[in-house]
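Q: Here it is, the structure, as structure tokens.
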Amino acid sequence: MIEEFEVHRPRMFGLAYRMLGSVTEAEDIVQDAYLRWSGTEPGSVSCPGAWLAKVVTNLCLNRLTAARATREDYVGSWLPEPVPTGALGPLETAEQRDCVSMAFLVLMERLTPAERAVFVLREAFGYGYREIAEVLDLSEAGCRQLCRRARQRVGEHGEPGEHGEPGERGEPGERRGLRELRRFDAPGGQRRLIVERFLKAAENGDLEGLERLLAADVIAWADGGGKVSAARRPVLGREKVLRYVAGLAARFGALGQDGRGETRIVEVNGQDAIVMLLAGQVFTVSVVEVAGGEVVGLRSVANPDKLSRFAELAGLAEPVEPVEPVEPA
């Protein structure tokens, strides 16, 4: 039975991560599903994949309901735990890649737990409405309605307001819906080239080079989780983001004197990201969003609690102890 479960583990982890946006919570859910699986009689489950998907989805629904108030009280911008793309299993379609991006997972915070479950099963895993109805114990018509509502929330609309709609966690500056994210996402080779230029300009203190790469309406988010000093609200616009990035690069350069600082470009959540390491330990993971040959978004995770598992999955050391990143000017 263990061998059969392991065949489904990557898919179940991918489902739980897309539902929760948390690596550690997703792994907890998968482990809980395994315990339930091990309690069944051998051969008693006719379709293990469907059975496990139902168990994992419902465990995630319970976790989302409990976590909703906690995330609404989160200090500063909430971003998902970063994951090396290779740990997410095959991403063969545009929809599968969309559904693991940080921008997408932030948009998913607008949805109710039920909407999120239907949307993930439909968009990321290609489930039919009959299959979704069986997973959630709902009618097909009800699942169609939930999916339609979810698509409207994440695809048609931009920013949900300065403080979000009632019961939601809305981020100022989160203006792009899923439709726009898909339309403006750059090809992989172009993205990597822009990110390399961006990193080089930041490391060299080339402000003119940085300014040329930043879109006029670029937005930077920082997730320190109250554990480290970080911008608690999005930094909006080319001028402010330029100062913010330059200050962060200077701060990191000062901390990483004597060769202790290192940067790498790693594919994270289906996009290129700059990983800063200090004395061999993960300091910050910054996903760079590129569109039209420009940097349009920067999502930086500095919360040490969200970097421990990333460091392990990426083959890196544990995250550095909390330090004081730069605040935007």
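Q: Can you name every residue in the stretch 263-319 that is part of a strand (DSSP E or B) and among the aromatic types (Phe, Trp, Tyr)? If you could, list the steps in order and put the result at the bottom.
A: Here is the first cut: in the stretch 263-319, the residues part of a strand (DSSP E or B) are 263-268, 271-278, 281-291, 294-301.
The answer is Phe283, and nothing else.
Q: Within the stretch 37-57, how many residues are farther than 17 Å from Met108 by Cβ, touching a residue at least 60 places away in the same chain (Cβ under 8 Å) and within 25 Å of the chain's Cα centre (by Cα)? Working first, answer last.
A: As a first pass, look at the stretch 37-57 and keep what is farther than 17 Å from Met108 by Cβ: 37-55.
In the following step, the residues that additionally are touching a residue at least 60 places away in the same chain (Cβ under 8 Å) were identified as 50, 53-54.
If we keep only those that are within 25 Å of the chain's Cα centre (by Cα) as well, we get 53-54.
Summing the residues that are farther than 17 Å from Met108 by Cβ, touching a residue at least 60 places away in the same chain (Cβ under 8 Å) and within 25 Å of the chain's Cα centre (by Cα) in the stretch 37-57 gives 2.
Q: Still on this structure: Any chance you could count how many residues in the stretch 6-51 are over 14 Å from Ala87 (Cα atoms) and hydrophobic (A, V, I, L, M, F, W, C)?
A: 12
Q: Same structure again: May I ask you to list pairs of residues, at least six apart or on different chains, whose Cβ atoms are under 7 Å apart, with the first in the stretch 116-135 being without any contact (Cβ under 8 Å) to a residue 40 or more places away in the chain and the second being basic (Lys, Arg) and crowded, with 21+ Cβ neighbours inside 10 Å?
A: Final answer for the pair search is Ile132/Arg122.
Q: Restricted to the stretch 127-143, and to residues that are small (Gly, Ala, Ser), over 14 Å from Val55 (Cα atoms) and in contact with a helix residue (DSSP H, G or I) (Cβ under 8 Å, 6 or more places away or on another chain), which residue is surrounded by the most Cβ atoms within 10 Å (Cβ to Cβ)?
A: Top of the filtered list is Gly142.
Q: Listed residues Glu72, Glu6; which is out of contact with any Phe, Trp or Tyr (no Cβ under 7 Å at 6 or more places or on another chain) and farther than 21 Å from Arg110 by Cβ? Break it down into steps so the answer makes sense when it comes.
A: Working: Glu72 fails: farther than 21 Å from Arg110 by Cβ.
When all the criteria are applied, what remains is Glu6.
Q: Follow-up question, since we're still on this one. Looking at the stretch 167-210, which of its residues are at pLDDT 90 or above, surrounded by fewer than 14 Cβ atoms within 10 Å (Cβ to Cβ) and small (Gly, Ala, Ser)?
A: The one that is at pLDDT 90 or above, surrounded by fewer than 14 Cβ atoms within 10 Å (Cβ to Cβ) and small (Gly, Ala, Ser): Gly205.
Q: Starting from the stretch 271-298, keep only residues that are under 17 Å from Leu242 (Cα atoms) and small (Gly, Ala, Ser), then list their pairs with residues that are assigned to a strand (DSSP E or B) and modelled with pLDDT of 90 or more whose Cβ atoms are within a distance under 7 Å, requiring at least 6 positions of separation or different chains.
A: Ser286/Ala273; Ser286/Ile274; Ser286/Leu298; Ser286/Arg299; Ser286/Ser300; Gly297/Val218; Gly297/Ile219; Gly297/Glu289
The values are calculated or read from the model by the stated rules, or taken from the named source; none is laboratory data. Everything numeric here is computed off the predicted structure, so don't read it as measured data. Every residue, glycine among them, receives a Cβ derived from its backbone with ideal geometry; neighbour counts consider all protein chains shown.
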